[in-house]
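What follows is a set of notes on a single structure, which appears directly below.
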Amino acid sequence: MNSNHLDKISLFVLILIIVYTFQIIYCQEDKIVALEKRIQDLEARQQQYPEVTFLTYKDRKRILVTGGAGFVGSHLVDRLMLAGHEVIVADNFFTGRKRNIEHWIGHENFELINHDIVNPLYIEVDQIYHLASPASPPHYMYNPVKTIKVNSIGTINMLGLARRVRARLLFASTSEVYGDPEVHPQKETYFGNVNPFGPRSCYDESKRVAEAMCYAYAQQEGISIRIARIFNTYGPRMHMNDGRVVSNFVLQALQNEPITIYGTGKQTRSFQYVSDLVDGLIALMNSNYSMPMNLGNPDEYTIEQFATKIKELVGSQASIVYKDPVIDDPKQRRPDIGLAKSWLNWEPKVLLSDGLNKTIAYFRNELLVKHHSNRNVFFPNEWLHLSNINAMNLDKNIEL
Ligand SMILES: NC(=O)c1ccc[n+]([C@@H]2O[C@H](COP(=O)([O-])OP(=O)(O)OC[C@H]3O[C@@H](n4cnc5c(N)ncnc54)[C@H](O)[C@@H]3O)[C@@H](O)[C@H]2O)c1
């Protein structure tokens, strides 16, 4: 073999080595790109949480919220979580939705228990916000016997838990304990005008007996109790089809369907925005006041005025139609909030038009949801940097 021949072979080998090396590098790059993609996917799947306040062991409380997956409960859970407490939600999802609290699932301070409070619950807690109960007329009339059980047996169970672990319990009562009131506005000292034998009695009377149970446990067992008599509350995360005035009117206006008023429309109501209620509930829980306390907005509107206001805010062409009045529908409702003002320094802050605009934006989004993967998220604006939370940007996000 001459040297010329040898040179050709070594050149050939060299070329082979270079090609092979490039191939390896190229394959490695492919693998690196694939790996990077996997890491990105994994990161995207990992839940991101809103920043919660750090509380030391001494200040951090373990708080049970029954009905915490519902409308009011989920807003309360947000506030307690952000404040740095450990929050346990017990809910049977009768009217509540996982979606309302899914942004906390997996957080080390949060726990969700699928539990019907008609059965006892054995856990260790410092405070109990007892909200579990169907709340709107179609929901509580759907199974009246169950509604009575939830508020009677369910409340006994929660009071029993409070006694066992020496926790303070706040009961979510209602303005319905005043029935169709003959005193206006309603003060806590008014005993009410309730029909014990009618379609609404399963709710009104079981809330009244639950208040009586709270009183009995406080007197007999020394339990620390708080009773909030909640007046009409509205806001994002309300059920679309719960048959309440706000959701009915907003949905009808958005869909340009006739807005239905039951009765003459001269009956009055007062509406509070949900963040005001949550402020009041937390202030009441942490106060020294243990008698029933009204939490509501004293601004009073006739149902007719309210329908017109919603029509204007939506910019709807919907007509207003009148139907027969509902049995036992109260003629007027307005809280006297003197007690809450003096004991809690609390009064509602959110104007009706501001609260309604947020609620309308939420319902507008709800109507756009067409697939399970669509998310009509409702979060305070400061959470928006969490990319996986803002999964569905249907309309501009709504601020709490
Ligand atoms: N929203 C209002 O205008 C209003 C007014 C007065 C009183 N309240 C009271 O406030 C509380 C919350 O009302 P909301 O408007 O959020 O109603 P909601 O229906 O949205 O929430 C109630 C929650 O309780 C849960 N629940 C019902 N039965 C249960 C059971 N047996 N075990 C466990 N969980 C159960 C539901 O699944 C739901 O998550 C209720 O007690 C209601 O009576 C509300």
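Under 25 Å of direct C-alpha separation, and excluding same-chain neighbours fewer than eight residues apart, Lys309 reaches these lysines: Lys266, Lys323, Lys331, Lys349, Lys358, Lys396. Hydrodynamic analysis of segment 26-155 uses the Kirkwood radius over alpha carbon pairs. Inserted into Stokes-Einstein at 4 °C and 1.567 mPa s, it gives a translational diffusion coefficient of 77 µm²/s.
Comparing Ser152, Ser353, Ser290 in a Gaussian network model of the chain (Cα springs below 10 Å), the most mobile by mean-square fluctuation is Ser353.
Can you compute the charge dipole magnitude of the chain about its Cα centre, using +1 on each Lys and Arg Cβ and -1 on each Asp and Glu Cβ, nothing else charged? Give it in debye, rounded to the nearest 20.
Here the chain has a charge dipole of around 380 debye.
Taken along its three principal axes, the alpha carbon spread of the chain comes to 121, 56, 38 Å, from the longest extent down to the shortest. Rounded to 0.05, the FRET efficiency of the Lys146 and Lys58 pair, given R0 = 45 Å and the Cβ-Cβ distance, is 0.65. Rounded to two decimals, the Cα-based Rg/Rh of segment 159-307, with Kirkwood Rh, is 1.01. Computed per residue of the chain from DSSP H runs no shorter than four, each worth -39500 (n - 2.57), the mean residue ellipticity at 222 nm is -13500 deg cm²/dmol. On the beta carbon distance between Arg97 and Asp30, with R0 = 35 Å, the FRET formula returns roughly 0.20. Rounded, prolate or oblate, given the Cα gyration tensor of segment 272-327, with a/c below 1.5 counting as rounded? Verdict is prolate for segment 272-327. In this structure the amide hydrogen of Val89, modeled in the peptide plane, comes within under 5 Å of the amide hydrogens of Val65, Glu111, Leu112, Ile113, none closer than 5 places in sequence on its chain. Rolling a 1.4 Å probe across the protein heavy atoms gives the chain an accessible surface of 51 Å² per residue. On full extension, the segment bounded by Phe22 and Lys8 gains 2.9 nm, given 0.36 nm per residue less the C-alpha separation. Taking Cα atoms only, the orientation of helix 144-165 departs from the longest principal axis of the chain by about 80 degrees. For the chain, the residue among Pro144, Phe306, Phe71 whose Cα projects farthest onto the positive side of the dipole built from Cβ charges is Pro144. Helix 3-45: angle to the longest alpha-carbon principal axis of the chain, degrees 0 to 90, nearest 10? Its long axis makes an angle of about 0 degrees. Between Val209 and Asp41, full extension at 0.36 nm per residue minus the direct alpha carbon distance yields a gain of 55.2 nm. Mind checking the angle between helix 201-221 and the chain's longest principal axis? C-alpha axes, 0 to 90 degrees, to the nearest 10. Helix 201-221 sits at roughly 90 degrees to that axis.
Comparing Leu313, Leu42, Leu169 in a Gaussian network model of the chain (Cα springs below 10 Å), the most mobile by mean-square fluctuation is Leu42. With the cut-off at 1.5 for a/c, could you classify segment 245-375 from its C-alpha gyration tensor as rounded, prolate or oblate? Note, shape of segment 245-375 comes out oblate.
Roughly what % of DSSP beta bridges within the chain run antiparallel, to the nearest 5?
Within the chain, antiparallel bridges account for around 10 percent of the total.
When +1 charges are put on Lys and Arg Cβ atoms and -1 charges on Asp and Glu Cβ atoms, the dipole computed for segment 1-155 relative to its Cα centre reaches about 400 debye. Choose one answer from Gln186, Gln305, Gln40: the residue with the largest mean-square fluctuation in a GNM of the chain with alpha-carbon springs under 10 Å. Comparing Gln186, Gln305, Gln40 in a Gaussian network model of the chain, the most mobile one is Gln40. The slack between Ser319 and Gln255, meaning 0.36 nm per residue of separation minus the straight C-alpha distance, is 21.9 nm.
What shape does segment 129-215 have by the C-alpha gyration tensor, where a ≥ b ≥ c are the square roots of the eigenvalues, rounded means a/c under 1.5, and otherwise prolate means a/b greater than b/c and oblate the rest?
Oblate.
The values are calculated or read from the model by the stated rules, or taken from the named source; none is laboratory data. Just so we're clear, the structure is a prediction, and the values are computed from it rather than from any experiment. Glycine gets a Cβ as well: all are built from the backbone with ideal geometry, and neighbour counts include every protein chain shown. All accessible areas refer to the heavy atoms of the entire protein, side chains included, with ligands and DNA or RNA removed. Shrake-Rupley method; radii C 1.70, N 1.55, O 1.52, S 1.80 Å.
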